[in-house]
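Notes follow the structure.
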4 protein chains.
Amino acid sequence: MKPCRIGIIGAGRIGKLHAENIYYRLSQFMLAGIADPCVDREWAQSLSIPLITTQHEELIHHPAIDAILIASPSAFHTNQIIAASQANKAVFCEKPLGLTEEAIQACLTVVEQQQTLLQIGFNRRFDPNFASIHRRVQLGEIGHPHLVHITSRDPTWPSMDYIKTSGGIFMDMTIHDFDMARFLIGSDVVEVFASGSVLIHPDFAECNDSDTAVIQLRFKNGALGVIDNSRQAVYGYDQRVEVFGHQGYLLAKNQTQHAVHYFGRHETRYANPLYFFLERYQEAYLAELESFYQAWLHHQPSPVTGNDGLQALRIAMAAKQSLQTGKAICL
Amino acid sequence: MKPCRIGIIGAGRIGKLHAENIYYRLSQFMLAGIADPCVDREWAQSLSIPLITTQHEELIHHPAIDAILIASPSAFHTNQIIAASQANKAVFCEKPLGLTEEAIQACLTVVEQQQTLLQIGFNRRFDPNFASIHRRVQLGEIGHPHLVHITSRDPTWPSMDYIKTSGGIFMDMTIHDFDMARFLIGSDVVEVFASGSVLIHPDFAECNDSDTAVIQLRFKNGALGVIDNSRQAVYGYDQRVEVFGHQGYLLAKNQTQHAVHYFGRHETRYANPLYFFLERYQEAYLAELESFYQAWLHHQPSPVTGNDGLQALRIAMAAKQSLQTGKAICL
Amino acid sequence: MKPCRIGIIGAGRIGKLHAENIYYRLSQFMLAGIADPCVDREWAQSLSIPLITTQHEELIHHPAIDAILIASPSAFHTNQIIAASQANKAVFCEKPLGLTEEAIQACLTVVEQQQTLLQIGFNRRFDPNFASIHRRVQLGEIGHPHLVHITSRDPTWPSMDYIKTSGGIFMDMTIHDFDMARFLIGSDVVEVFASGSVLIHPDFAECNDSDTAVIQLRFKNGALGVIDNSRQAVYGYDQRVEVFGHQGYLLAKNQTQHAVHYFGRHETRYANPLYFFLERYQEAYLAELESFYQAWLHHQPSPVTGNDGLQALRIAMAAKQSLQTGKAICL
Amino acid sequence: MKPCRIGIIGAGRIGKLHAENIYYRLSQFMLAGIADPCVDREWAQSLSIPLITTQHEELIHHPAIDAILIASPSAFHTNQIIAASQANKAVFCEKPLGLTEEAIQACLTVVEQQQTLLQIGFNRRFDPNFASIHRRVQLGEIGHPHLVHITSRDPTWPSMDYIKTSGGIFMDMTIHDFDMARFLIGSDVVEVFASGSVLIHPDFAECNDSDTAVIQLRFKNGALGVIDNSRQAVYGYDQRVEVFGHQGYLLAKNQTQHAVHYFGRHETRYANPLYFFLERYQEAYLAELESFYQAWLHHQPSPVTGNDGLQALRIAMAAKQSLQTGKAICL
C-alpha cells in the first residue's frame, strides 16, 4: 500500500482532529507536516510530525508531500487551494471553499486546469447512516424522491466572537445541511425560502444573526425540502434526515449515547443522542479521509467536488438574501 | 347523567362515523335524528334512529333535540350553523366553518349573540398523544416553544371528483395541520410561506392543485413552524408532530399496526403505521364528542371555538396565496 | 346474522367485563341472562339484561338460551360445564377448567359425548400481537421453533384473601403462560422445572406461595421454553413473548400507554406499558368471544379446547411439584 | 504516563485482537513481545513488536516486561499464570482460568502469595451498556434485584474441531453469561438447573454437546436468573441483559448495525444486531485493558478477580452436571 504523505494547514480544533485521526487510525496516510502561525509544538511532537512550521508555504512546496489538508480560517481557503493546486498537490479542504462566489469560481478554474484532486470536507456525507440513505435512494428503494427533511440542531453555540465572523447561521451551520439535501435528493436546488428567529440568546440579534431557522428548498426535479436548525438543543446533537418518495420512506434516527432502558414507577427512560459532532461524526471523519485516499491512489474523481462546495455556498447566500427580503430566491 | 339529544345533518362518511360512535360507544348522547337528502334508511334503522329525514330543518327546529352535529358538504356549514344557533341548539360542526372569511365572520357574530356552544371538528386535538404534547408544552416542560414540525401524509388520495371541489390541499388537508400548529405552539400565525408540487399524479395539476406541499409558519411569539404534506404515503397514514423548545423537545411518533418485530437473516421488520384516519383517530373522534358533551352539560366554553376554525381557514387561504405569488404572506 | 343468546354465570370482575363487552361491543350476542348469588341488579338492569337471577340452573335450562359463559369461582367450573353440556348449551368457561385432573377428565368425557362446543377463556391467545406470532410461527417464518421466552409480570398483586385460595402462582398466574407457550411452540410440554422466591412480600411465604418465579419447559419437539413471573412490576403490566427458531426470531413488545417521547437535558422519557389486563387485553377479550360466536354459528371446532385447559393445568401442577421437590417433573 | 510493557502469549484470533488494540488504540501499553509456537512474523512485524518468539518463557522471564497477557489454549492457562506470577508479572488471562477446580485453586494460591495482579478476560463486564446496568443496580435504581435474564446467542458456531475440545456449551459459551449474571445481581449462585437440546446440527450430539440451552440460577440473595443460549441466531449476535427489581427494571437492548429505517408498502425494516463479538464488544476489549492498566499503575485490586474466574467455572460445571442428571445442582 502506497502511503499518501499529507501536510495539514491549520492546527485548530478541526486540524487537530484530522491529525490525530491520521496518526492513530489511518495508516494509509503519513503525517508529513503541519503549519499554523501558533502551532502547539508539544502536541505536534506527540504525533511524531516531522515538519512543524508556522509557514504553510513550506508544506505546499515540499517535494515529499503528496496532499494538503486545509483547515485554516475560511478567508484563506481559496488562495491556499490555488497555491496547492499549482504545486500539484491533491487537496482536501474544509468547508467553505471561500467567501464569495467569484473567488471560488476563480479557484475552481485553476483546480480544473491543473486537474487537481479537490475534496470538500462535507464529512456528513460519510456518516454510515446518511451514506446508506443516499445509496438506497439512488438504488430506487423509495422510487422518485418527493421530500427531504433534515433536522440539524447543535447542543450549544460557539463563542460570540466566533459567531460574529462566521458569516451567519446559513453559511456556518446550515451549509452542511444544504449539501446533505442536494446529496440525498440527487438534484440541484432551484429555489430557497428562509425564516430565522432569535429565540435562544439576544446576542445573536446583536450579531445580526439568527439562532433558530427553517429553510425551505425546491429542487430541479420538483422535490421539496425543509431544514430546521437550532443553535441549542439541550438534549444533545440532533441530526436526523428523512427522504420520502413515491414508493417508500427512509429515515435515519439519532444515535443514542447507550442502549440501556430504565422502566421506573412513572416512566421509561433512555439515553439522549450523542452529544456533539466529535462523537456523532467520528466515523464520518475517518471515512471521508479514507475516501480521499482512494481517489488519490486510483486517480479517481473526487467524491465531494468543488462544485458541491460552490452549490452549497450559493444556497446559503440565497437563504441569507431570502431572510433579508422575505422572498423566495431563485438560483 | 342527563343525555344530550343530538341530530346529525349529513350521512356521508363522517356523519355515519359520528352516528355509529354515538350509538355504540357514547351513551351520554341520544341519537335523536339524522337528515340527508339521500339518507340510507336501512343503516339508520339499524342504529334505532327515531327521526330519519331528508330535511335538516326538521332537526334544527325539533323541540326534543338539544344539539346539532353538522357533517354536510362544506358549502352549507355557515347557514346551518346560523339556523341551529338561532334555534338555540348547541352546534358541533365539521371543518371548515365556511368557504369565505366574510361568511364565517357573519356566522360567528350570530353564534356570539346567541351565546351558542359551537365546537369545530378539529378531531386531532383530541388524539391522546397530541393532546398530551399540548398539555406538556402548556405546563412548560420544554420551556419556550421554538419550533413545531408536523408531518401529515395520507396513505392515498380521494377521488378526483372530490379533489376538484375540495378547495385545494391547504383547505382540505393542511387545515388540520394549521390548527394543530396553533394548538401546540399556543400562539397565532403571523406569516405563511407555501410550496407545492405535483409529484404523485398529473390529475392534480389539471385540478390546479398540489399533491405534495411544504408550508412554513411564523408565530406571533417568534416561534417557527413547518408542515409537510403528501397525498400518498405508501406505508400508511404518517401523522407525527414534534415541538422543540429551549428546555427540551416533545415528539409524538406514529402508532403502528402491531407490536411484533421479526428478526430475519437480512433485516428486522415491524409494522407500518395505522392505515388511515378511521384507525388512527378512532379515540380522537370519541373524545371530541365527549368533550362537546361536557361543555354542553356544564355550560363551559367550547374546547375548539369558532375563532379556531376561522384562524385555520385564514392560514389556509394565505398558504394558497403564497403558492400563487411565490411570496410570504402576512396575516 | 343469527344472534347467539348467552347467559352468564358469575357477575364478579370478569363476568361483568364480558357482560359489558357483549352489551356495548358484540352485537352478534344477545345478553339473555345473568346468574350470581349476590348479583348487582342495578348494574344488570343498566345492560337491559332480561333475566337476572341468583340460580344459575335457570340459565342452564332456559330454552331461549344458546350458550353459557361460566365466570363463577373455579371450584364450580366442572359441574357447571357438565350441566350446561347436558342441557345442550355451548359453553365458554374461564380458566381453570377445574381443580383436579380427575374432575376435568370426567367433565371432558361428558363434553365429548354431548359434542358440546367448549371454549376455555385463554384470552391471551386472541391478543393481536400474540396471535400474529402464533400464525407466523405456523407459517414457518422462523423455521423450526427452538426457544420460547415469556415475560409475564403483574403490576400489583391481588388481596391475600384471594392469594390464599388461588392455588398458588402457577395455577393462578402462570397457567396463562403455560397455555401461551404450548400455543406458540405448537407442541406439548414434556418436562417442567420451576423455581420460586418470596421477594416482594412475606405474606406470600405465609400462604406457602411464591411471588417471583422462573419456570423452564421442554417440549415434545425438543424446543425449550422459559417463563418469568413477578407479582409486582412497578412499571406496569409486562407481557412480552419471543419465539426463536432456526430461521429467525419473533418478538412481541409491550404496548405503551402513549407514543410521546420527551427529550430533556439529561435523558429521554417515554411511556410505561399499559397498566394491567383490562387495558392490555381489551381487544383480546372481545376477540375470544367473536371467535366463540363463529365456532357456534358454523359448528366449527373450539379454538381453545378442553384439552388445552387440561394441559395447562397439568403443567401448572407439575411446576408446583417441581418447586416442592427441587426436581424436574416429566409429564 | 508510565507505559506498561506487555508480552502476549498466544497469537491466535484473540491474541491478535489484543495485540492490534494495544498497538493502534492503547498508547498506555508498550507491546514488548509475542510468543506463539507458530507465530505469524510478518503480522507481528507490522505491529513493530520487538520480541517475537516461539517460547513463552522468554516473555515471562524478560526483565523489561511488566505484564503478561495469556491468550493461549485453555489447557495452558494455569501453568502460565503460575509462572508469570512467580516472575512477578501482572497477569491478564483469557477465560477460563483452567480446566479443573483443583488446578485453579492451586494457581490462585500462588497468585495470592505473590500478590499478583490477575485479571480475567470477562470482557463483557466492560461493555458500556452492561457496565452501566451493573452500576445502576449497585446504586439502587431498581431496589433489590429479583430477576436477571440474559439472552446470549451466537450468529454461527465454530468448527466442530473446536467444539470437540471446547468443554461443551456451558464451559465455552455460557461461562461469559454466568459471570455476567453474578456481576449484575451482585451475589453468588447457589443452585443451577440446565436444559439442553440439539436443534441446529446433529454434529453437536456426536460431540455429546448441546447447541441450544436454557439455564436457571438461584442466587444467595434469593434472586432468580435465567440464561438462554443458541449457537445460531441467523439475525446476528443477540446479546441482551435485563435486571428486574422491586423498584424498576433495566434492559440493555442490542446495538444495531445502523440507524436507518425503511418504511415500504408492506412493512418497516431496520438493521439487525451487530454481527458478532468483534463488532459488538470492540469497546469492551479496549476498556478491559484500560482497566487492567489502571489497576497495574495504581496498585489497585483487579476489577475481575481469580475468584470471579473460579465461580464462573464452578457454575459451568454444575450446569453440565445438571444436564447429565436432570436435577438442580447446589453449589
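Every read-out reported here was derived from the displayed coordinates using simple, explicitly stated rules and does not represent laboratory data. As the structure is a prediction and not an experimental result, all values here were calculated from the model. Here the Cβ is made from the backbone with ideal geometry for all residues, glycine too, and neighbour counts use every protein chain on show.
Structure notes:
- Each principal axis of the Cα cloud of the range C:4-116 was taken in turn, and the coordinate range along them, longest first, works out to 40, 23, 23 Å.
- Fraction of antiparallel bridges per DSSP, the protein assembly as shown only, in percent to nearest 5: 60
- Most mobile listed residue (A:273, A:96, A:50) in chain A, GNM with C-alpha springs under 10 Å: A:50
- Distances in nm from residue B:143 to the matching label points in the other copies, shortest first (labels 7 Å along Cα to Cβ): 3.6, 4.2, 5.3
- Theoretical ellipticity at 222 nm over the protein assembly as shown - DSSP helices of four or more residues, -39500 (n - 2.57) apiece, nearest 500: -10500 deg cm²/dmol
- Within straight-line reach of residue C:2, meaning a Cα separation under 17 Å, sit the following aspartates and glutamates at least 8 residues removed in sequence or on another chain: C:66, C:290.
- Dipole in debye (nearest 20) - the range C:4-116, about Cα centre, beta carbon charges: Lys, Arg +1; Asp, Glu -1: 300
- For C:147, B:297, A:139, order by how many other beta-carbon atoms lie within 10 Å, fewest first: A:139, B:297, C:147
- Pair residue C:164, residue D:232: separation of 7 Å Cα→Cβ label points (nm): 5.5
- Taken along the Cα-to-beta-carbon direction at a fixed 7 Å, the label points for residue D:47 and residue B:54 span 9.1 nm.
- Close amide-amide hydrogen proximity is noted between residue D:146 and D:244, D:245, D:246, each under 5 Å apart and 5 or more residues distant or on a separate chain (H modeled in the peptide plane; Pro and chain starts excluded).
- For the range A:248-307, the list of trypsin sites (Lys or Arg not before Pro) that fall in a loop by DSSP and count at most 13 other C-beta atoms within 10 angstrom reads A:265.
- Neighbour-count order for D:220, C:320, fewest beta carbons within 10 angstrom listed first: D:220, C:320
- Angle of helix A:77-86 to the longest C-alpha principal axis of chain A, folded into 0 to 90 degrees and rounded to 10: 40°.
- Centre-to-centre, using Cα atoms only, the range D:1-24 and the range C:210-250 are separated by 41 Å.
- The GNM of chain A, with springs linking C-alpha atoms under 10 angstrom apart, assigns the highest mean-square fluctuation among A:148, A:260, A:192 to A:260.
- Around residue D:331: net Lys/Arg minus Asp/Glu count, Cβ-Cβ under 12 Å: +1
- Starting from the label point of residue A:162 at 7 Å along Cα→Cβ, the same points in the other copies fall at 4.6, 5.1, 5.9 nm, in ascending order.
- Net dipole in debye of chain D [+1 Lys, Arg Cβ; -1 Asp, Glu Cβ; about Cα centre; nearest 20]: 680
- Label distances, nm, residue C:12 versus same residue in remaining copies, Cβ-directed 7 Å point: 5.2, 6.0, 7.4
- If you take all other residues with their beta carbon under 15 Å from the beta carbon of residue B:205, and give Lys and Arg +1 and Asp and Glu -1, the sum is -2.
- Relative exposure of A:188, A:308, A:177, judged by other C-beta atoms within 10 Å (fewest first): A:188, A:308, A:177
- GNM top mover of A:93, A:107, A:207 - chain A, alpha-carbon springs below 10 Å: A:207
- Values of log10 I(q)/I(0) for the protein assembly as shown across q = 0.04, 0.06, 0.07, 0.09 Å⁻¹ run -0.29, -0.66, -0.88, -1.30, by the Debye formula with one identical scatterer at each alpha carbon and no solvent.
- Cα lying deepest toward the dipole's positive end in chain B, options B:291, B:27, B:131, charges on Cβ: B:131
- Fraction of beta bridges assigned by DSSP in chain C that are antiparallel (%, nearest 5): 55
- Where a label projected 7 Å from the Cα of residue A:208 along Cα→Cβ would reach, residues of the range A:165-185 with amide N under 18 Å: A:165-173
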